[in-house]
1. With an 8 Å Cα cut-off and a minimum separation of 6 or more residues, compute the relative contact order for segment 68-184 in percent.
2. So, in Å, what gap is there between the alpha-carbon centers of segment 152-184 and segment 101-121?
3. Which of rounded, prolate or oblate describes segment 78-132 when judged by the alpha-carbon gyration tensor and an a/c cut-off of 1.5?
4. According to the square roots a ≥ b ≥ c of the eigenvalues of the Cα gyration tensor, what is the shape class of segment 65-184, taking rounded for a/c under 1.5, prolate for a/b larger than b/c otherwise, and oblate for the remainder?
5. To the nearest 0.05, what FRET efficiency results for residue 183 and residue 80 with a Förster distance of 30 Å applied to their C-beta separation?
6. Can you tell me the equivalent ellipsoid semi-axes for segment 131-184? Use √(5λ) from the Cα gyration tensor, largest first, whole Å.
7. Just to verify a number: FRET efficiency for residue 135 and residue 97, C-beta to C-beta distance, R0 = 35 Å, to 0.05?
8. Using mean Cβ contacts within 10 Å as the protection proxy, how do 170-177, 80-87, 151-158 order, highest first?
């Protein structure tokens, strides 16, 4: 029953944010249309996407879709937008690299951890995307640090890798999401 509730919440969040339609561009027409792959988001410059930042490497502004999602998530989960920005930026970056819709990544994070980067489940799954360290040590990028599963960026990278494997193994986005969520 809990799995069904979580699935409905993911579908509701995705439909609220307008991401149910597959978003393939001309370069990916040969790829199966299972809703997994996405076009590169359009990033615009302007005051709506500007965020005050400490000095450091330049970070690309969030797409308008992700900015709207950030506003929604901030209100829904009562998390300060400033705390969510690195999570959304990581989802946008990893989504672009892996060609997975960043809003799907955000929806999974909402279901799995409610945006708590230190969340830990009864079975030992850790971080935003609730990755089980014992099963996914091979997916940790080099130089990830001592607690890679509690680092939001690394956790998202590993979680998306696990999701991709689940989708490939199960043969569709829905079946892959069910597998990722622990369905038999």
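Bear in mind these aren't lab numbers, they're just calculated from the coordinates by the rules spelled out. Just so it is clear, the model here is predicted, and its values are computed rather than measured. Cβ coordinates were reconstructed from backbone atoms using ideal geometry, including for glycine residues, and neighbour counts include every protein chain displayed.
1. Contact order relative to length: 17 percent.
2. The distance from the Cα centre of segment 152-184 to that of segment 101-121 comes to 13 Å.
3. oblate
4. Details: a/c = 1.45, a/b = 1.22, b/c = 1.18.
Cα axes put segment 65-184 in the rounded bin.
5. 0.35
6. With the √(5λ) rule applied to segment 131-184, the semi-axes are 23, 10, 9 Å.
7. E between residue 135 and residue 97, to the nearest 0.05, is 0.95.
8. Highest-to-lowest ranking by the protection proxy: 151-158, 170-177, 80-87.
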